[in-house]
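Colleague: Below are the structure tokens for one structure; questions will follow.
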């Protein structure tokens, strides 16, 4: 059995305490792809992005062979101010909807339960290897491998049910932000372990005379990757003190979830749309999945060729571009994107509308965004126009208490996440105060095939 990387193993030990310091806001709330086709049923085992890269830094394209859309060469980076948008999925209408903000920071509370769970899973994989190696005949060995694969399939189904239950319970108010994020992190950790187990089964199959891993192993591998995400990984890193405390936007409905945060100069977002995932649907080709993503995210796909990596009923389409990365999972049953991961450089984020207020020697500009999107507050000297650093900025949502966002940097800038409701920004440098009131989020730029509902 391959051991988990040390960094990942350390993070897993901290899973159960990741949210114990949560505070909630108001409710209710690839390198360029090769053009040579690959077998869509057999994605390479090393094509997964490591958890650590998702947690703390920009995600780069996979270096493994994939199928590209055959588009023109990547467009050059657009100059600031040019028309550009980054469409994104959001939650569905109908049923209970909950929008909140959570802060996740370091907390080294008890972690024994998850540590034991991980140890048990690793021991189970080791036991599986022993059982297969103890088979007296090739036929018996093959059957034991297939039995183990069946078990991973059942485990993946349970992960799906756990995730769906967590999303619905959060939307209905039965699960706190801390509990939701903890459960999602646990699910991701379990999926990772099962993915490692598939590597072991694949290797055992290769070592078995007259036998190779069935195609469903490749499809199962892609399904397990669905349960990982960059926001939950970053929240876990914050809980372990690997990165600074992170504000997380949490927006749930009966069958959808949006998580968003700001990390390392990027806006990071992940969306789950369970209503778009037909788990019993038919197979989908690389080209069909690329076409679906191209239609849904035309501006992003125009920046770079998509990479397809998938098998059976699920395809993973990745678009690494000049401003960040788009990664989607497309369902064969619906031919629609049901999971979306985005990283967008903050200095390239274009989906904003500005509001400016001057007074008391300050010129304050608030670049509003959609709910959960990044909001940039810029403070300049009213007379000279020079940026003002070290000024405290607060945010107040509805009737809730004001909350400090932070202090402006050398560029006079501080950033936060947009609430879903009306809010106000206050710039304070005693005795000077400037208030920008009546701020509302702008409309979310939905994927093209979603705009008609």
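Just so it is clear, none of the values below were taken in a lab; they were calculated from the coordinates. Since the structure is predicted, the reported quantities are computational estimates derived from the model, not experimental observations. Cβ atoms come from the backbone with ideal geometry, glycine included; neighbour counts cover every protein chain shown.
Colleague: Highest mean first, how do 434-445, 129-140 rank when packing is the count of other Cβ atoms within 10 Å averaged over residues?
Modeller: Descending mean neighbour count gives 434-445, 129-140.
Colleague: Going 7 Å from the Cα of residue 124 in the Cα-to-Cβ direction, what parts of region 154-188 have a backbone nitrogen less than 15 Å from that spot?
Modeller: Answer for this model: 154-162, 186-188.
Colleague: Of the listed peptides 180-190, 280-290, 150-160, what is their order by residue-averaged count of other C-beta atoms within 10 Å, with the highest listed first?
Modeller: With the highest mean Cβ count within 10 Å placed first, the list reads 180-190, 280-290, 150-160.
Colleague: Between residue 384 and residue 157, what FRET efficiency comes out of the Förster formula 1/(1 + (r/R0)^6) with R0 = 60 Å and r the beta carbon distance, rounded to 0.05?
Modeller: Given R0 = 60 Å and the Cβ-Cβ separation, E is 0.45.
Colleague: If I model a spin label as a point 7 Å beyond the Cα along the Cα-Cβ vector, how far apart are those points for residue 435 and residue 404 in nm?
Modeller: So the label points at residue 435 and residue 404 sit 2.0 nm apart.
Colleague: Which of the three applies to region 243-336, rounded, prolate or oblate, going by the alpha-carbon gyration tensor with a ≥ b ≥ c and a/c under 1.5 meaning rounded?
Modeller: oblate
Colleague: Could you work out the relative contact order of region 323-453, using alpha carbon pairs under 8 angstrom and six or more residues apart, expressed as a whole percent?
Modeller: The value is 20 percent.
Colleague: What FRET efficiency, computed as 1/(1 + (r/R0)^6) with R0 = 60 Å and r the Cβ-Cβ distance, is obtained for residue 169 and residue 211, rounded to the nearest 0.05?
Modeller: 0.90
Colleague: With a Förster radius of 25 Å, plug the Cβ-Cβ distance of residue 285 and residue 446 into 1/(1 + (r/R0)^6) and report the FRET value to the nearest 0.05.
Modeller: 0.50
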